[in-house]
2 protein chains.
Amino acid sequence: MKPFHSYRNPALAIDLVVFGYNAKELSVLLLKRNEEPFKGGWTLPGAFIQMDERFSDTCSRILRTKLGMDKLYLEQLYSFDDPARDPRGRAISVAYYALVNPHKLETAASTMAGDVEWVDCRKMPQLGFDHKQIFKTALQRLRSKILYFPVGFELLDEQFTMTELHELYECILDTSLDRRNFRRKILDSEYILPTGMKREGLQNRAPELYVFNKKLKRNNFQLNIPLSKGQ
Amino acid sequence: MKPFHSYRNPALAIDLVVFGYNAKELSVLLLKRNEEPFKGGWTLPGAFIQMDERFSDTCSRILRTKLGMDKLYLEQLYSFDDPARDPRGRAISVAYYALVNPHKLETAASTMAGDVEWVDCRKMPQLGFDHKQIFKTALQRLRSKILYFPVGFELLDEQFTMTELHELYECILDTSLDRRNFRRKILDSEYILPTGMKREGLQNRAPELYVFNKKLKRNNFQLNIPLSKGQ
DNA sequence: TTAGTTTGCGTCAGATTAACGCAAACAAAT
DNA sequence: ATTTGTTTGCGTTAATCTGACGCAAACTAA
């Protein structure tokens, strides 16, 4: 058995859609390019896969370079193959998306690269390559996944209030959800557990803090969150 | 802007999980290899991606070669990156799965390659490369997708009875489903439409034939099929 | 002190689910 | 031809779930 001979293979890249949530705003990490192609424009952060790297290694490399942190929730999204997606030549992109709580990055804020920026999901500029499509696919995936899997707790602090979780869902789904029904569904689901604690510095009836239930591995759960139509 | 220089890139392959359904049996198209690696063993059909091909082109090429037919339901599954997945060297696999009604192939039966065979999903042999993992991922995807999307009609004839559809679901999900509740759910969903016709050669009260409702494009529907616990 | 907001808990009519009954139309066995 | 079992279509029902929204205690802002 002989190894592959020198096929000409398409270049193979990883592109990342890194979601961050802060102050009722879902944003994505964009890269301001300072070289061709798309010099001066925005793209998603990405890198070519090295021969000895696994996808997750390449992801880590990108995240470390641009965010100074690489242990994030990471999920493979889709592989993109438009022959014209990169003007430099044939390149396949394996896209991943990641979830970060930008708050947790603040300690390492100085390590965030100068050429990246958080951009509000609702105000996406034009993106180079086929990155607009990748972004749209990622947002779609996040929106549908959050309905049946406790993704998104990755976007909040370790402890959070019901209101914070509610706002996160409204923000990601870009719709309004009935507060009381949401509360009931989430608590019934046992996705989260009450800690019995309240945030420091607040008085008696401050909102209760919850944590994600790490023991829970239910897979086929359906939140089925109602839209708030009236009010 | 210069084109890519000669990076050494991993080889890039497409592997296919082709599902076929016949006589209450869900099967997958396997390839009997007659060269190394895994000579004499089973693998999924696959091929390397040519520089000018899109994924779907490579899929078509494989399907035409092995089945003599290439217009099937096709969906990208996942991309696999284990550095050890191919003993010949680094190779990435972009896996797709396809659905065929083997009945529709019969006319072109002679064109089916001699080195492939339909194998019952429940009796999968050892597979070369990481193809067992790819197969498992595909089956999982099919099982979850069938619950919220009218995939699977691709596996039946143009017209089919409620019983045939019911059996297909039981077979794919590998469980028993209450016939009467299944019927109600499916009819309420409007995934299928009654034709008012009965299969030829049968008498008055032969089972009614249905067709897939092609106008239906509902996306967030939940079949929520109950398991039949008693009886 | 008053007026609004946030948070937690509750109510309730209507829809949905899961389990299963029943009979007409057929098929197979005697 | 009659009996017996199976297939197919259509119902029923109790328990549960959904979605809309009321209410008051604890807080905040004016």
*Name the residues in the range B:47-96 that are part of a strand (DSSP E or B), of a type in the set (A, V, I, L, M) and over 17 Å from the mean Cα position of the chain (by Cα), would you?*
B:Ala47, B:Ala91, B:Ile92
*Are any residues in the range A:127-177 touching a helix residue (DSSP H, G or I) at 6+ places or on another chain (Cβ under 7 Å) and over 19 Å from A:Tyr210 (Cβ atoms), and if so, which ones?*
A:Leu127, A:Leu139, A:Leu142, A:Arg143, A:Leu173, A:Ser176
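Condition check: more than 10 Å from every other protein chain (Cβ to nearest Cβ) and acidic (Asp, Glu). Does A:Asp86 satisfy that?
Numbers: more than 10 Å from every other protein chain (Cβ to nearest Cβ): no; acidic (Asp, Glu): yes.
The answer is no for A:Asp86.
Evaluate the following for B:Leu155: is it at pLDDT 95 or above and on the phi < 0 side of the Ramachandran plot? Even if it seems obvious, please write down each step before you answer.
On the way: at pLDDT 95 or above: yes; on the phi < 0 side of the Ramachandran plot: yes.
Yes: the conditions hold for B:Leu155.
Here is a yes/no grid of residues against (1) open to solvent by less than 40 Å² (accessible area, probe 1.4 Å); (2) within 28 Å of B:Ser93 (Cβ to Cβ):
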position	(1), (2)
A:Leu30	yes, no
A:Gly41	yes, no
A:Leu44	yes, yes
A:Arg61	no, yes
*Only one of (1) more than 13 Å from the chain's Cα centre (by Cα); (2) more than 8 Å from every other protein chain (Cβ to nearest Cβ) is not met by B:Glu36, so which one is it?*
(2)
*Is there any pair linking a residue in the range A:122-144 that is in contact (Cβ under 8 Å) with a residue 12 or more places away in the chain to one that is open to solvent by 40 Å² or more (accessible area, probe 1.4 Å), with Cβ under 6 Å and at least six apart or on different chains, and which?*
A:Pro125/A:Trp42; A:Leu127/A:Trp42; A:Gly128/A:Phe38; A:Asp130/A:Asp82; A:Thr137/A:Tyr78
*Can you tell me which residue among B:Ala98, B:Ala113 is more than 28 Å from A:Met51 (Cβ to Cβ) and surrounded by fewer than 17 Cβ atoms within 10 Å (Cβ to Cβ)?*
B:Ala113
*If you take the residues of the range B:122-152 that are modelled with pLDDT under 95 and of a type in the set (Gly, Ala, Ser), which of them is surrounded by the fewest Cβ atoms within 10 Å (Cβ to Cβ)?*
B:Ser144
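State whether the residues of the range A:21-33 include one that is part of a loop (DSSP other than H, G, I, E, B) and within 12 Å of chain B (Cβ to nearest Cβ). Step through it out loud before you land on a result.
Pass one, the range A:21-33, residues part of a loop (DSSP other than H, G, I, E, B): A:23-24, A:33.
Applying the additional criterion that residues be within 12 Å of chain B (Cβ to nearest Cβ) yields A:33.
Scanning the range A:21-33, I find at least one residue that is part of a loop (DSSP other than H, G, I, E, B) and within 12 Å of chain B (Cβ to nearest Cβ), so the answer is yes.
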*asked:* Can you tell me which residue is nearest to A:Leu168 (Cα to Cα) among those in the range A:66-85 that are modelled with pLDDT under 95 and crowded, with 16+ Cβ neighbours inside 10 Å?
replied: A:Leu72
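The values are calculated or read from the model by the stated rules, or taken from the named source; none is laboratory data. Remember, it's a predicted structure, so these values are computed and weren't measured experimentally. Note that we place each Cβ from the backbone using ideal geometry, even for glycine, and neighbour counts take in every protein chain shown. For accessibility, only protein heavy atoms count, side chains too; no ligands or nucleic acids. Shrake-Rupley method; radii C 1.70, N 1.55, O 1.52, S 1.80 Å.
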